[in-house]
Amino acid sequence: MTLVSIIGFVLIIVGLWGMLTQSNIIKIIIGFSIIDTGIHLLIVSIGYIKGKTAPIIDNSIVKADAVNQVVDPIPSALVLTAIVIGLAVTALMLVYAVNLYQRKQSLDINDFEELKW
Amino acid sequence: MADILYNTSAVIALIAIVLAGYRSLKGPNVADRVVALDVMTIISISLIVYVAALAQRIIYLDVAMVYALISFIGVIAIARYLERGL
Amino acid sequence: MVKRFLILLVLIFFVIMLMPLVSDIQPQTELNPLAEKYVKDGPDELGSANLVTSVIVTYRGLDTLGEVAVLFIATAGVGFMLRRRKDSKLNPQKKRESSEILQTGTALLTPLIFLFGIYIFLHGHLTPGGGFQGGVVIASAVLLSLLSYPQAEVNHKILNAIKSLSGAFYILIGVLGLYLAAGFLDNRILPLGDFGHLFSAGAIPVIYSLIGLKVGSELVGILDSMQRSDS
Amino acid sequence: MINVIIIVLGILMIASAFMAIYMRSLLSSIIAAGVISLLASIIYLLLAAPDVAMMEAAIGSGLTTVVFLYALSKVKNSGEDNHG
(Lines give C-alpha, C1' and ligand atoms only; values in the text may rest on other atoms or scores of the structure.)
Protein backbone atom coordinates (compact mmCIF):
# COMPACT_ATOMS: atom_id res chain seq x y z
CA MET A 1 0.00 0.00 0.00
CA THR A 2 1.32 3.35 -1.03
CA LEU A 3 0.77 6.81 0.40
CA VAL A 4 -1.57 8.05 -2.30
CA SER A 5 -3.69 4.92 -2.18
CA ILE A 6 -4.21 5.50 1.56
CA ILE A 7 -5.33 9.07 0.83
CA GLY A 8 -7.72 7.83 -1.83
CA PHE A 9 -9.12 5.15 0.48
CA VAL A 10 -9.70 7.65 3.31
CA LEU A 11 -11.45 10.00 0.87
CA ILE A 12 -13.73 7.19 -0.28
CA ILE A 13 -14.66 6.35 3.32
CA VAL A 14 -15.22 10.01 4.26
CA GLY A 15 -17.40 10.57 1.21
CA LEU A 16 -19.45 7.46 1.97
CA TRP A 17 -19.88 8.60 5.57
CA GLY A 18 -21.11 11.96 4.29
CA MET A 19 -23.53 10.37 1.83
CA LEU A 20 -25.03 8.18 4.55
CA THR A 21 -25.30 10.69 7.37
CA GLN A 22 -26.28 13.96 5.71
CA SER A 23 -29.91 14.66 4.92
CA ASN A 24 -29.51 17.55 2.49
CA ILE A 25 -29.57 16.29 -1.10
CA ILE A 26 -26.85 18.66 -2.31
CA LYS A 27 -24.59 17.51 0.54
CA ILE A 28 -25.16 13.94 -0.63
CA ILE A 29 -24.07 14.91 -4.14
CA ILE A 30 -20.95 16.59 -2.71
CA GLY A 31 -20.19 13.32 -0.90
CA PHE A 32 -20.53 11.52 -4.22
CA SER A 33 -18.00 13.82 -5.87
CA ILE A 34 -15.59 13.25 -2.96
CA ILE A 35 -15.89 9.49 -3.55
CA ASP A 36 -15.21 10.15 -7.23
CA THR A 37 -11.95 11.96 -6.47
CA GLY A 38 -10.88 9.22 -4.07
CA ILE A 39 -11.44 6.48 -6.63
CA HIS A 40 -9.49 8.40 -9.25
CA LEU A 41 -6.55 8.85 -6.87
CA LEU A 42 -6.64 5.14 -6.07
CA ILE A 43 -6.60 4.11 -9.74
CA VAL A 44 -3.80 6.50 -10.69
CA SER A 45 -1.69 5.34 -7.75
CA ILE A 46 -1.80 1.77 -9.08
CA GLY A 47 0.05 2.77 -12.25
CA TYR A 48 2.79 4.79 -10.61
CA ILE A 49 6.31 3.40 -10.59
CA LYS A 50 8.81 5.11 -8.31
CA GLY A 51 11.44 7.19 -10.06
CA LYS A 52 9.88 7.01 -13.51
CA THR A 53 8.36 9.80 -15.52
CA ALA A 54 5.31 10.56 -17.63
CA PRO A 55 4.64 8.40 -20.73
CA ILE A 56 5.25 11.18 -23.23
CA ILE A 57 8.27 10.82 -25.46
CA ASP A 58 10.25 13.98 -26.15
CA ASN A 59 13.88 15.06 -26.00
CA SER A 60 14.42 13.90 -22.44
CA ILE A 61 13.43 10.28 -23.11
CA VAL A 62 15.17 7.87 -25.45
CA LYS A 63 12.56 6.17 -27.60
CA ALA A 64 14.26 2.77 -27.59
CA ASP A 65 14.72 2.79 -23.82
CA ALA A 66 11.24 4.07 -22.99
CA VAL A 67 10.21 0.83 -21.29
CA ASN A 68 12.60 1.48 -18.43
CA GLN A 69 11.73 5.16 -18.07
CA VAL A 70 7.96 5.65 -18.15
CA VAL A 71 5.03 4.75 -15.93
CA ASP A 72 1.95 2.74 -16.89
CA PRO A 73 -0.24 4.73 -19.34
CA ILE A 74 -3.41 2.63 -18.97
CA PRO A 75 -4.68 3.92 -15.57
CA SER A 76 -4.22 7.51 -16.80
CA ALA A 77 -6.32 6.76 -19.85
CA LEU A 78 -9.08 5.17 -17.77
CA VAL A 79 -9.21 8.01 -15.25
CA LEU A 80 -9.20 10.63 -18.01
CA THR A 81 -12.51 9.41 -19.38
CA ALA A 82 -13.92 8.76 -15.92
CA ILE A 83 -13.49 12.38 -14.86
CA VAL A 84 -15.61 13.69 -17.76
CA ILE A 85 -18.33 11.13 -17.04
CA GLY A 86 -18.18 12.17 -13.38
CA LEU A 87 -18.91 15.78 -14.30
CA ALA A 88 -21.84 14.83 -16.56
CA VAL A 89 -23.33 12.49 -13.96
CA THR A 90 -22.94 15.13 -11.24
CA ALA A 91 -24.79 17.63 -13.42
CA LEU A 92 -27.56 15.10 -14.03
CA MET A 93 -27.92 14.40 -10.30
CA LEU A 94 -28.07 18.12 -9.53
CA VAL A 95 -30.82 18.55 -12.10
CA TYR A 96 -32.78 15.76 -10.41
CA ALA A 97 -32.26 17.55 -7.08
CA VAL A 98 -33.62 20.79 -8.54
CA ASN A 99 -36.65 18.95 -9.89
CA LEU A 100 -37.30 17.33 -6.51
CA TYR A 101 -37.06 20.75 -4.88
CA GLN A 102 -39.66 22.14 -7.27
CA ARG A 103 -41.97 19.25 -6.38
CA LYS A 104 -41.91 19.68 -2.59
CA GLN A 105 -40.08 22.96 -1.88
CA SER A 106 -37.61 21.07 0.27
CA LEU A 107 -34.15 19.57 -0.06
CA ASP A 108 -34.34 17.30 2.99
CA ILE A 109 -34.19 13.65 2.00
CA ASN A 110 -36.52 12.74 4.90
CA ASP A 111 -39.37 14.70 3.33
CA PHE A 112 -39.54 12.38 0.36
CA GLU A 113 -41.32 9.40 1.84
CA GLU A 114 -43.36 8.02 -1.05
CA LEU A 115 -41.24 4.91 -1.27
CA LYS A 116 -40.66 4.52 2.47
CA TRP A 117 -41.76 1.35 4.16
CA MET B 1 23.35 23.54 -4.12
CA ALA B 2 20.42 23.17 -6.47
CA ASP B 3 18.93 20.63 -4.06
CA ILE B 4 18.91 23.14 -1.21
CA LEU B 5 17.23 25.69 -3.49
CA TYR B 6 14.55 23.23 -4.61
CA ASN B 7 13.81 22.02 -1.08
CA THR B 8 13.62 25.53 0.34
CA SER B 9 11.19 26.69 -2.33
CA ALA B 10 9.03 23.62 -1.82
CA VAL B 11 8.91 24.20 1.94
CA ILE B 12 7.96 27.84 1.43
CA ALA B 13 5.18 26.92 -1.00
CA LEU B 14 3.90 24.22 1.36
CA ILE B 15 3.79 26.61 4.32
CA ALA B 16 1.91 29.12 2.19
CA ILE B 17 -0.60 26.53 1.00
CA VAL B 18 -1.18 25.29 4.56
CA LEU B 19 -1.83 28.84 5.78
CA ALA B 20 -4.26 29.52 2.92
CA GLY B 21 -5.93 26.17 3.54
CA TYR B 22 -6.37 27.02 7.21
CA ARG B 23 -8.09 30.25 6.25
CA SER B 24 -10.29 28.51 3.71
CA LEU B 25 -11.38 25.96 6.32
CA LYS B 26 -11.86 28.33 9.22
CA GLY B 27 -12.73 31.68 7.62
CA PRO B 28 -15.92 32.94 9.23
CA ASN B 29 -17.20 34.50 6.02
CA VAL B 30 -17.78 33.16 2.53
CA ALA B 31 -15.68 35.98 1.09
CA ASP B 32 -12.71 34.82 3.20
CA ARG B 33 -13.00 31.33 1.81
CA VAL B 34 -13.24 32.55 -1.78
CA VAL B 35 -10.13 34.69 -1.43
CA ALA B 36 -8.33 31.77 0.21
CA LEU B 37 -9.34 29.55 -2.74
CA ASP B 38 -7.90 32.11 -5.15
CA VAL B 39 -4.64 32.30 -3.17
CA MET B 40 -4.41 28.51 -3.14
CA THR B 41 -4.80 28.49 -6.93
CA ILE B 42 -1.84 30.82 -7.36
CA ILE B 43 0.33 28.79 -4.96
CA SER B 44 -0.70 25.61 -6.78
CA ILE B 45 0.58 27.06 -10.03
CA SER B 46 3.96 27.67 -8.43
CA LEU B 47 3.94 24.14 -6.99
CA ILE B 48 3.20 22.73 -10.45
CA VAL B 49 6.16 24.64 -11.89
CA TYR B 50 8.24 23.28 -9.01
CA VAL B 51 7.23 19.72 -9.88
CA ALA B 52 8.12 20.37 -13.52
CA ALA B 53 11.57 21.55 -12.49
CA LEU B 54 11.99 18.59 -10.18
CA ALA B 55 11.05 16.05 -12.85
CA GLN B 56 12.98 17.98 -15.53
CA ARG B 57 10.11 17.70 -18.02
CA ILE B 58 9.25 20.86 -19.93
CA ILE B 59 5.88 19.46 -21.01
CA TYR B 60 4.49 19.67 -17.47
CA LEU B 61 4.31 23.43 -17.89
CA ASP B 62 1.21 23.02 -20.08
CA VAL B 63 -0.70 22.01 -16.96
CA ALA B 64 0.34 25.24 -15.25
CA MET B 65 -0.87 27.21 -18.28
CA VAL B 66 -4.27 25.54 -18.20
CA TYR B 67 -4.46 26.25 -14.49
CA ALA B 68 -3.61 29.91 -14.88
CA LEU B 69 -6.01 30.41 -17.77
CA ILE B 70 -9.02 28.49 -16.47
CA SER B 71 -9.16 28.34 -12.70
CA PHE B 72 -10.23 31.92 -12.05
CA ILE B 73 -13.62 31.09 -13.58
CA GLY B 74 -14.74 29.35 -10.41
CA VAL B 75 -13.99 32.45 -8.34
CA ILE B 76 -15.87 34.65 -10.82
CA ALA B 77 -18.84 32.29 -10.65
CA ILE B 78 -18.92 32.46 -6.85
CA ALA B 79 -18.70 36.25 -6.99
CA ARG B 80 -21.58 36.41 -9.48
CA TYR B 81 -23.58 34.09 -7.25
CA LEU B 82 -22.98 36.31 -4.22
CA GLU B 83 -24.22 39.39 -6.08
CA ARG B 84 -27.32 37.46 -7.28
CA GLY B 85 -26.38 37.52 -10.95
CA LEU B 86 -25.97 33.85 -11.78
CA MET C 1 -29.23 7.03 17.41
CA VAL C 2 -29.92 3.56 16.11
CA LYS C 3 -29.55 4.91 12.59
CA ARG C 4 -26.12 6.36 13.36
CA PHE C 5 -25.05 3.04 14.81
CA LEU C 6 -26.25 1.15 11.74
CA ILE C 7 -24.41 3.55 9.44
CA LEU C 8 -21.23 3.08 11.44
CA LEU C 9 -21.67 -0.67 11.22
CA VAL C 10 -22.12 -0.53 7.44
CA LEU C 11 -19.05 1.66 7.13
CA ILE C 12 -16.89 -0.66 9.25
CA PHE C 13 -18.09 -3.58 7.15
CA PHE C 14 -17.16 -1.65 4.03
CA VAL C 15 -13.69 -0.87 5.36
CA ILE C 16 -13.08 -4.53 6.24
CA MET C 17 -14.31 -5.56 2.81
CA LEU C 18 -12.12 -3.11 0.89
CA MET C 19 -9.03 -3.28 3.08
CA PRO C 20 -7.44 -6.29 1.33
CA LEU C 21 -7.97 -4.59 -2.02
CA VAL C 22 -6.04 -1.51 -0.95
CA SER C 23 -3.34 -3.29 0.99
CA ASP C 24 -2.61 -5.38 -2.10
CA ILE C 25 -1.44 -2.30 -3.96
CA GLN C 26 2.31 -2.68 -3.79
CA PRO C 27 4.77 -0.13 -5.11
CA GLN C 28 5.65 -1.48 -8.54
CA THR C 29 9.12 -1.70 -9.95
CA GLU C 30 8.42 -2.52 -13.59
CA LEU C 31 5.60 -2.35 -16.09
CA ASN C 32 3.11 -5.17 -16.39
CA PRO C 33 3.20 -7.08 -19.72
CA LEU C 34 0.28 -5.29 -21.39
CA ALA C 35 1.65 -1.83 -20.61
CA GLU C 36 5.08 -2.99 -21.68
CA LYS C 37 3.69 -3.97 -25.07
CA TYR C 38 1.93 -0.63 -25.46
CA VAL C 39 5.06 1.31 -24.49
CA LYS C 40 7.41 -0.76 -26.60
CA ASP C 41 5.36 -1.02 -29.78
CA GLY C 42 3.20 2.10 -29.51
CA PRO C 43 5.59 4.77 -30.81
CA ASP C 44 6.63 2.80 -33.90
CA GLU C 45 3.22 1.32 -34.62
CA LEU C 46 1.06 4.42 -34.26
CA GLY C 47 3.59 7.25 -34.34
CA SER C 48 2.14 9.08 -31.34
CA ALA C 49 4.61 10.53 -28.83
CA ASN C 50 2.00 10.72 -26.08
CA LEU C 51 1.34 7.11 -25.16
CA VAL C 52 -1.80 7.97 -23.17
CA THR C 53 -3.24 9.39 -26.38
CA SER C 54 -2.47 6.25 -28.34
CA VAL C 55 -4.12 4.13 -25.65
CA ILE C 56 -7.23 6.31 -25.56
CA VAL C 57 -7.71 6.86 -29.28
CA THR C 58 -6.68 3.59 -30.85
CA TYR C 59 -5.84 0.74 -28.51
CA ARG C 60 -8.89 1.38 -26.32
CA GLY C 61 -10.92 3.27 -28.90
CA LEU C 62 -14.14 1.43 -28.15
CA ASP C 63 -13.97 2.59 -24.52
CA THR C 64 -13.80 6.17 -25.71
CA LEU C 65 -16.76 5.60 -28.02
CA GLY C 66 -18.78 4.32 -25.07
CA GLU C 67 -17.68 7.28 -22.97
CA VAL C 68 -18.87 9.74 -25.60
CA ALA C 69 -22.18 7.86 -25.72
CA VAL C 70 -22.58 8.15 -21.92
CA LEU C 71 -21.79 11.85 -22.13
CA PHE C 72 -24.45 12.24 -24.84
CA ILE C 73 -27.05 10.41 -22.73
CA ALA C 74 -26.28 12.57 -19.69
CA THR C 75 -26.60 15.75 -21.74
CA ALA C 76 -29.89 14.57 -23.20
CA GLY C 77 -31.12 13.82 -19.67
CA VAL C 78 -30.17 17.29 -18.43
CA GLY C 79 -31.83 18.96 -21.41
CA PHE C 80 -34.96 16.86 -20.98
CA MET C 81 -35.34 17.52 -17.26
CA LEU C 82 -34.73 21.25 -17.59
CA ARG C 83 -36.80 21.97 -20.67
CA ARG C 84 -38.19 25.46 -20.63
CA ARG C 85 -41.82 25.63 -19.69
CA LYS C 86 -43.60 28.09 -21.96
CA ASP C 87 -46.62 28.47 -19.64
CA SER C 88 -44.56 29.07 -16.54
CA LYS C 89 -46.35 31.34 -14.11
CA LEU C 90 -43.14 32.43 -12.44
CA ASN C 91 -41.76 35.30 -14.42
CA PRO C 92 -37.96 35.02 -14.35
CA GLN C 93 -36.47 37.60 -12.08
CA LYS C 94 -34.19 40.11 -13.70
CA LYS C 95 -30.58 39.08 -13.34
CA ARG C 96 -28.10 41.65 -12.26
CA GLU C 97 -25.82 42.96 -14.98
CA SER C 98 -22.15 42.16 -14.69
CA SER C 99 -19.61 44.87 -14.08
CA GLU C 100 -17.56 46.74 -16.66
CA ILE C 101 -14.32 45.05 -15.59
CA LEU C 102 -15.73 41.56 -16.10
CA GLN C 103 -17.15 42.44 -19.52
CA THR C 104 -13.88 43.93 -20.76
CA GLY C 105 -11.88 41.04 -19.36
CA THR C 106 -14.20 38.54 -21.01
CA ALA C 107 -13.88 40.26 -24.38
CA LEU C 108 -10.10 40.10 -24.05
CA LEU C 109 -9.78 36.58 -22.71
CA THR C 110 -12.42 34.51 -24.52
CA PRO C 111 -10.60 34.35 -27.91
CA LEU C 112 -7.36 33.47 -26.14
CA ILE C 113 -8.97 30.63 -24.20
CA PHE C 114 -10.59 29.35 -27.41
CA LEU C 115 -7.24 29.41 -29.15
CA PHE C 116 -5.59 27.58 -26.28
CA GLY C 117 -8.28 24.89 -26.34
CA ILE C 118 -7.72 24.36 -30.05
CA TYR C 119 -3.96 24.18 -29.42
CA ILE C 120 -4.51 21.55 -26.75
CA PHE C 121 -6.51 19.21 -28.90
CA LEU C 122 -4.41 19.65 -32.02
CA HIS C 123 -1.24 18.81 -30.08
CA GLY C 124 -2.79 15.90 -28.25
CA HIS C 125 -0.29 13.44 -29.68
CA LEU C 126 2.78 15.50 -28.71
CA THR C 127 2.09 17.18 -25.37
CA PRO C 128 -0.16 16.35 -22.41
CA GLY C 129 -3.75 17.05 -23.25
CA GLY C 130 -6.01 16.08 -26.06
CA GLY C 131 -9.62 16.03 -27.05
CA PHE C 132 -11.16 15.82 -23.61
CA GLN C 133 -9.03 18.55 -22.08
CA GLY C 134 -9.40 20.81 -25.11
CA GLY C 135 -13.16 20.35 -25.09
CA VAL C 136 -13.32 21.28 -21.43
CA VAL C 137 -11.21 24.39 -22.03
CA ILE C 138 -13.51 25.47 -24.88
CA ALA C 139 -16.54 24.89 -22.68
CA SER C 140 -14.88 27.08 -20.04
CA ALA C 141 -14.49 29.89 -22.58
CA VAL C 142 -18.20 29.74 -23.41
CA LEU C 143 -18.97 29.58 -19.70
CA LEU C 144 -17.01 32.80 -19.12
CA SER C 145 -19.17 34.52 -21.74
CA LEU C 146 -22.32 33.12 -20.14
CA LEU C 147 -21.22 34.43 -16.75
CA SER C 148 -20.56 37.96 -17.94
CA TYR C 149 -23.53 38.26 -20.32
CA PRO C 150 -26.36 36.41 -18.56
CA GLN C 151 -28.98 37.48 -21.11
CA ALA C 152 -27.04 36.11 -24.07
CA GLU C 153 -28.33 33.05 -25.90
CA VAL C 154 -26.24 30.25 -27.35
CA ASN C 155 -27.18 29.56 -30.96
CA HIS C 156 -28.75 26.13 -30.69
CA LYS C 157 -28.74 25.32 -34.39
CA ILE C 158 -24.96 25.73 -34.61
CA LEU C 159 -24.45 23.86 -31.32
CA ASN C 160 -26.57 20.91 -32.43
CA ALA C 161 -24.88 20.89 -35.85
CA ILE C 162 -21.42 20.70 -34.26
CA LYS C 163 -22.61 18.00 -31.87
CA SER C 164 -24.13 15.80 -34.56
CA LEU C 165 -21.52 16.30 -37.27
CA SER C 166 -18.54 15.64 -35.01
CA GLY C 167 -20.16 12.49 -33.64
CA ALA C 168 -21.04 11.26 -37.11
CA PHE C 169 -17.57 11.91 -38.52
CA TYR C 170 -16.01 10.20 -35.50
CA ILE C 171 -17.94 7.02 -36.27
CA LEU C 172 -17.20 7.42 -39.97
CA ILE C 173 -13.44 7.58 -39.40
CA GLY C 174 -13.70 4.56 -37.14
CA VAL C 175 -15.44 2.57 -39.86
CA LEU C 176 -12.89 3.78 -42.45
CA GLY C 177 -10.19 2.30 -40.25
CA LEU C 178 -12.06 -0.98 -40.39
CA TYR C 179 -11.82 -1.00 -44.19
CA LEU C 180 -8.48 0.64 -44.93
CA ALA C 181 -6.39 -0.46 -41.93
CA ALA C 182 -6.35 -3.11 -39.25
CA GLY C 183 -9.46 -2.39 -37.23
CA PHE C 184 -12.09 -0.04 -35.85
CA LEU C 185 -10.65 3.42 -35.07
CA ASP C 186 -7.24 2.51 -36.44
CA ASN C 187 -5.25 5.65 -37.16
CA ARG C 188 -3.16 4.30 -40.02
CA ILE C 189 -5.59 5.40 -42.72
CA LEU C 190 -3.36 8.48 -43.18
CA PRO C 191 0.44 8.36 -43.57
CA LEU C 192 2.26 8.26 -40.25
CA GLY C 193 4.73 11.03 -41.08
CA ASP C 194 7.77 12.05 -39.05
CA PHE C 195 7.74 11.09 -35.40
CA GLY C 196 7.30 14.10 -33.15
CA HIS C 197 5.95 16.60 -35.68
CA LEU C 198 2.50 18.16 -35.81
CA PHE C 199 1.44 16.34 -38.98
CA SER C 200 2.22 12.86 -37.80
CA ALA C 201 0.57 9.92 -36.06
CA GLY C 202 -1.86 9.28 -38.90
CA ALA C 203 -5.45 10.12 -38.09
CA ILE C 204 -4.96 10.72 -34.37
CA PRO C 205 -5.10 14.56 -34.60
CA VAL C 206 -8.27 14.35 -36.70
CA ILE C 207 -9.98 11.89 -34.35
CA TYR C 208 -8.94 13.83 -31.27
CA SER C 209 -10.17 17.12 -32.78
CA LEU C 210 -13.55 15.53 -33.43
CA ILE C 211 -13.66 14.20 -29.86
CA GLY C 212 -12.74 17.68 -28.60
CA LEU C 213 -15.53 19.35 -30.56
CA LYS C 214 -17.99 16.68 -29.39
CA VAL C 215 -17.06 16.95 -25.69
CA GLY C 216 -16.95 20.75 -25.82
CA SER C 217 -20.37 21.08 -27.43
CA GLU C 218 -21.93 18.54 -25.04
CA LEU C 219 -20.60 20.39 -22.00
CA VAL C 220 -21.76 23.72 -23.44
CA GLY C 221 -25.18 22.12 -23.86
CA ILE C 222 -25.26 21.09 -20.17
CA LEU C 223 -24.14 24.53 -18.95
CA ASP C 224 -26.52 26.39 -21.27
CA SER C 225 -29.57 24.39 -20.26
CA MET C 226 -28.69 24.79 -16.58
CA GLN C 227 -28.22 28.53 -17.02
CA ARG C 228 -31.34 29.46 -18.93
CA SER C 229 -33.93 27.21 -17.28
CA ASP C 230 -36.24 29.53 -15.39
CA SER C 231 -37.30 28.23 -12.05
CA MET D 1 10.62 15.74 -0.61
CA ILE D 2 7.90 14.24 -2.79
CA ASN D 3 6.61 12.23 0.17
CA VAL D 4 6.45 15.36 2.33
CA ILE D 5 4.44 17.20 -0.33
CA ILE D 6 2.05 14.27 -0.72
CA ILE D 7 1.53 13.96 3.05
CA VAL D 8 0.84 17.69 3.55
CA LEU D 9 -1.53 17.88 0.58
CA GLY D 10 -3.26 14.68 1.66
CA ILE D 11 -3.91 15.98 5.17
CA LEU D 12 -5.32 19.19 3.70
CA MET D 13 -7.52 17.19 1.31
CA ILE D 14 -8.95 15.00 4.06
CA ALA D 15 -9.57 18.02 6.30
CA SER D 16 -11.35 19.74 3.39
CA ALA D 17 -13.44 16.62 2.83
CA PHE D 18 -14.60 16.63 6.46
CA MET D 19 -15.37 20.34 6.28
CA ALA D 20 -17.25 19.86 3.00
CA ILE D 21 -19.51 17.42 4.78
CA TYR D 22 -19.96 19.20 8.09
CA MET D 23 -19.99 22.86 7.02
CA ARG D 24 -23.22 24.64 7.90
CA SER D 25 -23.74 26.59 4.66
CA LEU D 26 -23.93 24.90 1.30
CA LEU D 27 -21.78 27.50 -0.46
CA SER D 28 -18.87 26.82 1.90
CA SER D 29 -19.26 23.08 1.27
CA ILE D 30 -19.00 23.68 -2.47
CA ILE D 31 -15.85 25.78 -2.00
CA ALA D 32 -14.30 23.03 0.17
CA ALA D 33 -15.10 20.46 -2.53
CA GLY D 34 -13.32 22.75 -5.00
CA VAL D 35 -10.25 22.80 -2.74
CA ILE D 36 -10.15 18.98 -2.82
CA SER D 37 -9.89 18.76 -6.58
CA LEU D 38 -7.44 21.69 -6.66
CA LEU D 39 -5.02 19.76 -4.46
CA ALA D 40 -5.72 16.46 -6.21
CA SER D 41 -4.36 17.80 -9.49
CA ILE D 42 -0.96 18.50 -7.88
CA ILE D 43 -0.87 14.93 -6.60
CA TYR D 44 -1.67 13.63 -10.10
CA LEU D 45 1.30 15.60 -11.41
CA LEU D 46 3.53 14.09 -8.73
CA LEU D 47 2.32 10.65 -9.84
CA ALA D 48 3.57 11.41 -13.38
CA ALA D 49 0.14 11.70 -14.98
CA PRO D 50 0.06 15.18 -16.55
CA ASP D 51 -2.97 14.39 -18.72
CA VAL D 52 -5.08 13.59 -15.68
CA ALA D 53 -3.72 16.63 -13.85
CA MET D 54 -4.78 18.88 -16.73
CA MET D 55 -8.24 17.31 -16.77
CA GLU D 56 -8.70 17.73 -13.04
CA ALA D 57 -7.44 21.33 -13.18
CA ALA D 58 -9.89 22.21 -15.91
CA ILE D 59 -12.91 20.34 -14.59
CA GLY D 60 -12.53 20.20 -10.84
CA SER D 61 -11.75 23.79 -10.10
CA GLY D 62 -13.89 25.37 -12.80
CA LEU D 63 -16.83 23.48 -14.20
CA THR D 64 -17.89 21.37 -11.19
CA THR D 65 -18.07 24.44 -8.96
CA VAL D 66 -20.12 26.29 -11.54
CA VAL D 67 -22.55 23.40 -12.04
CA PHE D 68 -23.10 23.19 -8.29
CA LEU D 69 -23.63 26.95 -8.12
CA TYR D 70 -26.22 26.88 -10.91
CA ALA D 71 -28.16 24.23 -9.02
CA LEU D 72 -27.79 26.14 -5.75
CA SER D 73 -29.08 29.37 -7.29
CA LYS D 74 -32.24 27.53 -8.32
CA VAL D 75 -32.95 26.30 -4.79
CA LYS D 76 -31.70 29.28 -2.83
CA ASN D 77 -35.09 30.12 -1.31
CA SER D 78 -34.96 27.05 0.89
CA GLY D 79 -34.30 29.04 4.06
CA GLU D 80 -30.57 28.43 3.96
CA ASP D 81 -28.37 31.24 5.13
CA ASN D 82 -25.86 31.45 2.31
CA HIS D 83 -23.62 33.97 3.96
CA GLY D 84 -22.59 31.87 6.94
request  = Kindly provide the chymotrypsin sites (Phe, Trp or Tyr not before Pro) of the stretch A:1-58 that DSSP labels as loop, not H, G, I, E or B, and whose Cβ sees at most 11 other Cβ atoms within 10 Å.
outcome  = none
key: Chains B and D, summed buried accessible surface - 1.4 Å probe, Å², nearest 100   = 3400 Å²
query = Expressed as an acute angle from 0 to 90° and rounded to the nearest 10, what is the orientation of the C-alpha long axis of helix B:30-55 relative to the principal long axis of chain B?
reply = 20 degrees
task = Note down the Stokes-Einstein diffusion coefficient of chain C in µm²/s, whole number, using a Kirkwood radius over alpha carbon pairs, 10 °C, and 1.306 mPa s.
result = 76 µm²/s
query = For the pair A and C, how large is the buried accessible area, both sides, in square angstrom to the nearest 100, if the probe is 1.4 Å?
reply = 4400 Å²
query = Add -39500 (n - 2.57) for each DSSP H run of 4 or more in chain C, then divide by its residues: what number comes out at 222 nm, to the nearest 500 deg cm²/dmol?
reply = -22500 deg cm²/dmol
query = What do you reckon, how do C:PHE80, B:PHE72, C:PHE169, D:PHE68 stack up by accessible area (1.4 Å probe), largest on top?
reply = C:PHE80, C:PHE169, B:PHE72, D:PHE68
key: Coarse-grained scattering of the stretch C:110-173 at q = 0.13, 0.14, 0.19, 0.30 Å⁻¹, given as base-10 log I(q)/I(0) from a Debye sum over alpha-carbon atoms   = -0.43, -0.50, -0.85, -1.17
request  = Diagonalise the Cα gyration tensor of the protein assembly as shown and give the resulting equivalent ellipsoid semi-axes, square root of 5 times each eigenvalue, largest first, whole Å.
outcome  = 35, 28, 23
task = Using only atoms on other chains, find how many Cβ atoms lie within 10 Å of each Cβ of peptide C:135-142 and report the average.
result = 5
message = Over 19 Å between Cα atoms: which of A:LYS27/C:LYS214; A:LYS52/C:LYS40; A:LYS52/C:LYS37; A:LYS116/C:LYS3 fall into that group?
response = A:LYS27/C:LYS214
key: Buried solvent-accessible surface, both chains (D, A), 1.4 Å probe, Å² to nearest 100   = 3600 Å²
remark   = Residues hit by the 50 Å² burial cutoff in the stretch A:39-53, accessible area with a 1.4 Å probe, assembly against chain on its own, are A:LEU41, A:VAL44, A:ILE46, A:TYR48, A:ILE49
inquiry  = If I compute solvent accessible area with a 1.4 Å probe over the protein chains, what percent of it on chain A is carbon and sulfur?
reply    = 63 percent
query = Shielding of C:34-40 by partners, i.e. mean partner chain Cβ atoms within 10 Å per residue?
reply = 5
key: Dipole in debye (nearest 20) - the protein assembly as shown, about Cα centre, beta carbon charges: Lys, Arg +1; Asp, Glu -1   = 1600 debye
note = In degrees rounded to 10, the 0-90 angle between helix B:72-82 Cα long axis and the longest Cα principal axis of chain B is 20 degrees
request  = In debye, nearest 20, what is the charge dipole magnitude of chain C about its Cα centre with +1 on Lys and Arg Cβ and -1 on Asp and Glu Cβ, if you could check?
outcome  = 1300 debye
Debye log10 I(q)/I(0) for the stretch B:2-82, one point scatterer per Cα, at q = 0.14, 0.26 Å⁻¹ = -0.54, -1.18
query = Other chains near D:15-26: what is the mean number of their Cβ atoms within 10 Å of each residue's Cβ?
reply = 6
remark   = Between the residues B:ILE58, B:LEU47, B:ALA16, the Cα farthest towards the positive end of the dipole of the stretch B:2-82, that dipole coming from +1 and -1 charges on the beta-carbon of Lys, Arg, Asp and Glu, is from B:ALA16
remark   = So the FRET efficiency between B:THR8 and C:LEU108, C-beta based with R0 = 45 Å and rounded to 0.05, is 0.80
request  = Output the Cα-based Rg and Dmax of chain D in Å, rounding Rg to one decimal and Dmax to a whole number.
outcome  = 14.6, 48
remark   = Per-residue ellipticity at 222 nm attributable to helices in chain D (runs of n ≥ 4 DSSP H, -39500 (n - 2.57) apiece, nearest 500 deg cm²/dmol) works out to -24500 deg cm²/dmol
request  = Could you work out the Kirkwood radius for the stretch A:3-111, taking every pair of different alpha carbons, averaging 1/r and inverting it, reported in Å?
outcome  = 16.3 Å
remark   = If one compares the long axis through the Cα atoms of helix D:2-22 with the longest principal axis of the Cα atoms of chain D, the angle in degrees, nearest 10, works out at 10 degrees
key: Rounded FRET efficiency, nearest 0.05, which uses the C-beta distance separating A:LYS116 from A:TYR96 and R0 of 22 Å   = 0.75
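The values are calculated or read from the model by the stated rules, or taken from the named source; none is laboratory data. Just so we're clear, the structure is a prediction, and the values are computed from it rather than from any experiment. Reconstructed Cβ throughout: ideal geometry from the backbone, glycine too, with neighbour counts over all protein chains shown. Please note that ligands, DNA and RNA were not included when accessible areas were found on the heavy atoms of the full protein model with its side chains. Shrake-Rupley method; radii C 1.70, N 1.55, O 1.52, S 1.80 Å.
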